[in-house]
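The values are calculated or read from the model by the stated rules, or taken from the named source; none is laboratory data. The model shown is predicted, which means the values in this text are computed figures rather than measured ones. Because the Cβ atoms are built from the backbone with ideal geometry, glycine has one as well, and the counts that use them run over all protein chains shown.
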Amino acid sequence: MQPLLFACQFSLKLGKKQLNVNLQSEQSVVGLFGVSGSGKTSILHAIAGIHTPIFGKIDINGQTWFDFDKKINLPIQQRRVGLVFQDAQLFPHKNVMDNLLFGYRNISEQDRRFDPNTIINLLKLNDLTERMPTKLSGGEKQRVALGRALLYSPNVLLLDEPLSALDSIHKAEILPFFQQIIATSNIPMLYVSHDKGEIEQLASEIYFL
């Protein structure tokens, strides 16, 4: 029997509130939908290892990353998570190619699942590789951020409202790239958004917060 891609049952302390999470799914793309402040980003941070739950368990694709009872809490580097944020967070002093290869250069050759040229072609970044981030549009920055995350060969992609900073034209332009990644990469994804139409286009299963 195949393990669940997402088997997460944990609790987080958020100020005076406690967020109880029960995310169990065999779908490769799961959406988290809710208003701002509902805890979507905190869930991603707990899975990534940025926040530590007060108790519970996090299993991703059959691997235990956190287990309060067994005192397991893998560090961020061992979880190898690809994070894409709404503001891209590219390194401003590095050109597009150096941004793309940042994580790729920090993993072993046997762990590399993608060839840089494959990702560059897939995301149509061929003409941008020498540009600095300040010379990119919002949609171009997000494509670079997505490419950088993929070239890190992550165990899971965590996408935190990656299109929310874009206008409708740029959003429509980049959505097909996300759909292409979903169709070809075979990497489990957790996709956060407060845009119901957007999340319904991308996610196979949606959790409402």
- What is the residue count in the stretch 6-27 for residues that are modelled with pLDDT under 90 and in contact with a Ser or Thr (Cβ under 8 Å, 6 or more places away or on another chain)? 1
- Of the residues in the stretch 108-141, those that are surrounded by fewer than 15 Cβ atoms within 10 Å (Cβ to Cβ) and of a type in the set (G, A, S) number 2
- Message: If a residue counts only when it is touching a strand residue (DSSP E or B) at 6+ places or on another chain (Cβ under 9 Å), which helices (runs of 4 or more DSSP H) contained entirely in the stretch 75-187 have at least 2 such residues?
- Response: 76-79, 138-151, 168-185
- Message: Of everything in the stretch 188-204, what is outside any helix (DSSP H, G or I) and either surrounded by fewer than 14 Cβ atoms within 10 Å (Cβ to Cβ) or polar (S, T, N, Q) (or both)? Give them in sequence order.
- Response: S193, D195, S204
- Of residues in the stretch 1-51 being of a type in the set (G, A, S) and assigned to a helix (DSSP H, G or I), the one nearest to the chain's Cα centre (by Cα): A48
- Task: Specify the residue that is farthest from F91 (Cα to Cα); the eligible residues are those in the stretch 112-145 that are β-branched (V, I, T) and over 17 Å from the mean Cα position of the chain (by Cα).
- Result: T118
